[in-house]
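The values are calculated or read from the model by the stated rules, or taken from the named source; none is laboratory data. Just so you know, these numbers come straight off a predicted model, no measurement behind them. Cβ coordinates were reconstructed from backbone atoms using ideal geometry, including for glycine residues, and neighbour counts include every protein chain displayed.
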Amino acid sequence: MASRDIHGIDAPWGAFRHVGRDLRKVDGLAKATGAAMYTDDIALPGMLHAKTLRSPHAHARIRSIDAADALRLAGVHAVITGEHLPVTYGILPWTQDETALAVGKVRFVGEPVAAVAAVDEDAANAALKLIRVEYEPLHAYLDPFESLARHDPPIHEGRKDGNVSKHVHLAFGDVDAALAEADVVIEDDYVFHGTTHAAIEPHCAVGHYGADGVLTVWSSTQITHYVHRALARVLDVPAHRIRVIQPCLGGAFGGKSDPFSLEFVVAKLAMTTGRPVKMLYTREEVFYTHRGRHPMHMRYRTGATREGRLVGVDATIVIDGGAYSSYGLVTTYYAGQLLTGPYAFATYRFDSTRAFTNKPPCGPKRGHGSVQPRFAFEVQLDELASTLEIDPIEIRRRNLLGEHTTTVNGQRITSNGFARCLDVVEHASNWKTRHGQLPFGRGMGVAGSMYISGTNYPIYPNPMPQAAVQLKIDRSGLVTVFTGANDIGQGSNSIAQYLVAEELGLALDQVRVVSADTDLCPVDLGAYSSRETFMVGNALIDACRKVRPLVVRAVADHWQVDPSRVRFVDGVVVELDDPPLQPAGVAVGGEARPGASPPDAAAGRRWMTAAEAFQLAEARFDTLGATGAYNTPTLGGDYRGGTIGAAPAYSFTAHVVEVSVDVETGRITCEKVWIAHDCGRALNPMLVAGQMEGSAYMGVAEALMEAHGVNRFGLHAGPSLLDYRIPTTVDTPELAALIVESLDPEGPYGAKEAGEGPLHPAIPAISNAVFDAVGIRLKHLPFTPGKVLAALRARKDAAAGTPAPALAGGAR
Amino acid sequence: MKAFAYVNATNEKDALAALVPERGKAVPIAGGQDLLSLMKDYILTPERVVNVKGLPTTIAVPVGPSADYAVVGAATRLADLAAHEAFRKAFPAIAEAAAEVGTPQIRNVGTVGGNLCQRPRCWYFRNEEFRCLKKGGARCFAVEGENQFHAIFGDAPCHIVHPSSLAVPLIAHEARIKVVGPSGEREVPAAEFFVMPDRKMYGENVLEPNELVTEVRIPIRPGVKSATYEVRYKQSHDWPIAFATAALTMTGDTVRSSRIVMGAVAPVPWRAEAAEKALAGKRVTEAVAMGAADAAVAEAKPMSGNGYKVQVVRTAVTRAILKAAGLLKA
């Protein structure tokens, strides 16, 4: 089956022409000049604007909703509530526990309760104030331990396990015996607070219901296909009468990978009113919509031999899930399943429990489910190193997992450049002469990580390809790529252009990409799990390799030469010597363009433009096109949940971070981050470096500033970009992106992911650097001045031999 | 945001005529950096917004033996104040504070008057859902809620910290604030301009709804050395966790008298008279500065989650004194 073909790592025409170059993104100029069309730029004739009424209670029964006054307000066209959209949905088929608007009860402050469509936003807002909702407040669970300890009343009725959203317990080998025999065991608690995505573009959707009965929804989503399916289910409209389009998107980071209330609401309101309807969330609504990184309370025990060899890891994790399941089932697995590299340990056990709480639902954020445990484990590993007096980089080297192997939980590892990542950051940061040797207050820390490059888990089980593309070969010389992939700024449309131009020997401007439109594009599962480049890339190569032989044959027959003497280079087809003296890429050189004479023409060799070649092939074989597909091989451990976390390839990252700590104010300044990342092959090094820098930046931000949570009243602590602190350029450390290429045997030309993995090590590396700087271990995120001062005080008191009193007034 | 009428007042007289005595009905707008966010969050829903960017934008720093005070117009942009060379030389603490407000964009539109009159950043006050004391409610949510950025001094029923960066160095420099209203103009010492919540809950200063700040007057005292030291969570686009200004009247390297004022620690800028006493007659050294800082925080009463601010402001006071005296190591 073509979707499982392995295409190899080599250049299709001898030497790469586009791959490996710092090329512009296809939409770079449109974004920079403001010409790009985002969802909110869509304005349709007669369009209405919709707003959402949200719950002021964290947990309450809805006794009644009276919208009569709102409906009477001038300019209001429709009001809908949960009774109009009662069908449940959820990203995972096993946990469909959400409704577009609350039905019967509300489970967090900010939950959508009703929606109004009106001639403008002001009228819609005025109407919201006229909707009378009678609530019966219930006990609000704001702490996951409380919601696990009691569940009367439960957050979700009718569940046999109370407020438990998901529980996973997996053991590999005899951990207890291994830890009992270990020379040293480190045991501690770690807390990861919650953070959110804070994408610049707020969620937006536009619904249109045509006279032909076709429902079109434009949405700022990263999962067009799943939104398509969910709309069909909730609206009870056949999927073939629904079209979902993702316009240009202003950042997602996992925050747009669920179906959201507004998509159903604009669709329903468009069908109800007969008018197009737009809804744009305010920033405050985005904070309540959330789906950000789960808070986790983690207890780790790690054992090692005297030489620093890991013998066992035992983890107990309590996850604060918020009010709904979202991806929580996967999160609960990922929290344990993704820790088993880049270090080998013979025994491993994890027990993770996701609890429902009455807070905005958590979901996937860049590095889904594994950033939190990675923080805990890498800090623990550092503690192990200092206890055993082993250099922190050296202890990591002593436990390398290696390449082409299997992890303790049964995951197949192919390429693995982690050892080189360690070498690269060690060298670049002058680690050997600086770690442990900087003046008090300044320090360096290291951490490593591993992340999935796509997953074999297709969200709803099905045997169809995970990624598919279609090519249209036009006699003008243009190739149009149709891909369901969601370009969310990571550059998947650009990668599609580079790969097709590379495979078919075209100039970049001969390839245009149409993406994320369910009417036009074959299904792709979406932008999550760092899967687009890997999977869509393979599907593109698959499609190109189906159509390329036809074009080559048409030209070869026309010239009456062997097909091996036909070479496509940058949109020009040239005849090679017989036998070819050297690869085409070298023989032709220069910037040959269609219509211009390539240098070889002067030597009397035959040539033609790609357009002429396409015309020859079209005359011979009829209309030209091809489909391509990708599916993962059979992967994963042979146990329940063994396929969750199984990826066709894994990326690896190491960071060294340098910090300075002001011991009189508790402020940590992150001075520099050296990021070495094994991305397999950098298809566009500039984009890879951008992802590495963006990831490290986000990790630093989560460690030092960002905090998403509700306050003691169930309301978001500060639903604004002032109170939710994101570093500006002034707070951003120097970032050194150091690309490591391991050339994965199954990635497109050897490529793996670069968008999520490079975030992980930043957070523990900062904690480890603070230890090097001032001798305190920070185990509770975020590392605020209050926490640093409290830890310094505790250390001072411990050194003085007195028990450590809590800092007056507590520490935050 | 609720729709409103816009009045473009080109001078002081027109501006005053457009304001009304009822609180919240008509509000002046200069840079709008605070007002617009209050309106977007429905904390303020004025019927009329009066543009006062036409108020004076002068920065006058007279020189010579008869120079008495500098004048800064209320509509002066923060960026202009920070960049004014003579002003910066005469009042480094004020210029430094102006240079750190918000972001470059905010300083390019934000004004001196606006900075002094901005409303608190307390997240309960800013959240439409909380009817706190300042919004006519019955309680301060910071008491049992999250309070890591709230007051550690004052013991007032409302625990906001005053958000103005300029207020603190202006008080340290004994500035006076000119206020005009329907019944004429008055001059208020900066130290008396800001009022505690127990005296006035619905505002943070002496202004009546139909009054305007038009200028700030700062006495010129050649012997005074001043500096502001801010400790920030985030270096830009944020308010300091705590900060302090030291204005030292020196003879040689000995302090004759001083003004030490702390910011972001109380509902009003908080003068540390105990620190001033501790400094009097002393040669500035690190130990002396730390002793003064200890005195400054001796009366602090932190809440459940903001104890760390005591240490933070203690450091800010120490470093502001050392910086003013030219002794702060980089």
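Among the numbered conditions (1) under 26 Å from B:Lys277 (Cα atoms); (2) surrounded by fewer than 24 Cβ atoms within 10 Å (Cβ to Cβ); (3) within 14 Å of chain A (Cβ to nearest Cβ), the only one that B:Ala242 does not meet is (2).
Yes or no: the stretch B:301-310 includes at least one residue that is buried (at least 24 other Cβ atoms within 10 Å of the Cβ) and either assigned to a helix (DSSP H, G or I) or more than 8 Å from chain A (Cβ to nearest Cβ) (or both). Yes, because at least one residue in the stretch B:301-310 is buried (at least 24 other Cβ atoms within 10 Å of the Cβ) and either assigned to a helix (DSSP H, G or I) or more than 8 Å from chain A (Cβ to nearest Cβ) (or both).
Of the residues A:Glu658, A:Glu706, A:Glu671, A:Glu702, the single one that is surrounded by 20 or more Cβ atoms within 10 Å (Cβ to Cβ), among the acidic types (Asp, Glu), out of contact with any helix residue (DSSP H, G or I) (no Cβ under 8 Å at 6 or more places or on another chain) and at pLDDT 95 or above is A:Glu706. With the condition kept exactly as written, say whether any residue in the stretch A:677-691 is among the small types (Gly, Ala, Ser), within 14 Å of another protein chain (Cβ to nearest Cβ), under 24 Å from the mean Cα position of the chain (by Cα) and surrounded by fewer than 22 Cβ atoms within 10 Å (Cβ to Cβ). For the stretch A:677-691, residues among the small types (Gly, Ala, Ser), within 14 Å of another protein chain (Cβ to nearest Cβ), under 24 Å from the mean Cα position of the chain (by Cα) and surrounded by fewer than 22 Cβ atoms within 10 Å (Cβ to Cβ): absent. If I filter the stretch B:178-188 for residues that are within 12 Å of chain A (Cβ to nearest Cβ) and in contact (Cβ under 8 Å) with a residue 24 or more places away in the chain, do I get at least one hit? Within the stretch B:178-188, none of the residues are within 12 Å of chain A (Cβ to nearest Cβ) and in contact (Cβ under 8 Å) with a residue 24 or more places away in the chain.
Answer yes or no as to whether A:Asp97 is away from every other protein chain (no Cβ under 14 Å), among the charged types (D, E, K, R) and farther than 20 Å from A:Thr272 by Cβ. It is true that A:Asp97 is away from every other protein chain (no Cβ under 14 Å), among the charged types (D, E, K, R) and farther than 20 Å from A:Thr272 by Cβ. Scanning the stretch B:311-330 for residues that are surrounded by fewer than 24 Cβ atoms within 10 Å (Cβ to Cβ) and of a type in the set (A, V, I, L, M) turns up B:Leu322, B:Ala325, B:Leu327, B:Leu328, B:Ala330. For the stretch A:715-759, filtered to residues that are surrounded by fewer than 20 Cβ atoms within 10 Å (Cβ to Cβ) and of a type in the set (Asp, Glu), the residue that is nearest to the other protein chains (Cβ to nearest Cβ) is A:Asp723. Residue-level analysis places A:Ala74 outside the set of residues that are farther than 20 Å from A:His156 by Cβ, small (Gly, Ala, Ser) and in a strand (DSSP E or B).
Looking across A:Ala182, A:Ala211, A:Ala149, one residue alone is in contact with a Ser or Thr (Cβ under 8 Å, 6 or more places away or on another chain), farther than 28 Å from A:Gln490 by Cα and either modelled with pLDDT of 95 or more or in the same structural domain as A:Ala60 (by TED's automatic domain parsing) (or both). It is A:Ala182. Somewhere in the stretch A:205-226, is a residue surrounded by 18 or more Cβ atoms within 10 Å (Cβ to Cβ), within 26 Å of A:Leu525 (Cα to Cα), touching a Pro at 6+ places or on another chain (Cβ under 6 Å) and of a type in the set (A, V, I, L, M)? Checking the stretch A:205-226: not a single residue is surrounded by 18 or more Cβ atoms within 10 Å (Cβ to Cβ), within 26 Å of A:Leu525 (Cα to Cα), touching a Pro at 6+ places or on another chain (Cβ under 6 Å) and of a type in the set (A, V, I, L, M). Residues in the stretch A:486-514 that are acidic (Asp, Glu) and assigned to a loop (DSSP other than H, G, I, E, B): A:Asp487 only.
Take residues that are touching a helix residue (DSSP H, G or I) at 6+ places or on another chain (Cβ under 7 Å), buried (at least 18 other Cβ atoms within 10 Å of the Cβ) and of a type in the set (S, T, N, Q) and tell me which of the helices (runs of 4 or more DSSP H) falling wholly in the stretch A:365-475 contain 3 or more.
Once the helices (runs of 4 or more DSSP H) in the stretch A:365-475 are filtered for at least 3 residues that are touching a helix residue (DSSP H, G or I) at 6+ places or on another chain (Cβ under 7 Å), buried (at least 18 other Cβ atoms within 10 Å of the Cβ) and of a type in the set (S, T, N, Q), nothing remains.
Results for (1) within 30 Å of A:Gln222 (Cβ to Cβ); (2) more than 17 Å from the chain's Cα centre (by Cα); (3) among the β-branched types (Val, Ile, Thr), shown as yes or no for each residue.
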| position | (1), (2), (3) |
| --- | --- |
| A:Arg293 | yes, no, no |
| A:Arg299 | no, yes, no |
| A:Gly308 | no, yes, no |
| A:Asp320 | yes, yes, no |
| A:Tyr343 | no, yes, no |
| A:Thr347 | no, yes, yes |
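If you go through the stretch A:323-346 one residue at a time, do you hit one that is closer than 17 Å to A:His167 by Cα, touching a residue at least 12 places away in the same chain (Cβ under 8 Å), in a strand (DSSP E or B) and not assigned by TED's automatic domain parsing to the domain that holds A:Gly90? Within the stretch A:323-346, none of the residues are closer than 17 Å to A:His167 by Cα, touching a residue at least 12 places away in the same chain (Cβ under 8 Å), in a strand (DSSP E or B) and not assigned by TED's automatic domain parsing to the domain that holds A:Gly90. Tell me which residues, restricted to the stretch A:494-512, are closer than 17 Å to A:Leu249 by Cβ and surrounded by fewer than 24 Cβ atoms within 10 Å (Cβ to Cβ). Selection gives A:Ser494 alone.
Taking the criterion of being touching a helix residue (DSSP H, G or I) at 6+ places or on another chain (Cβ under 7 Å) and not polar (S, T, N, Q), the residues of the stretch B:253-276 that qualify are B:Val255, B:Arg259, B:Ile260, B:Val261, B:Met262, B:Gly263, B:Val265, B:Pro269, B:Arg271, B:Ala272, B:Ala274, B:Ala275.
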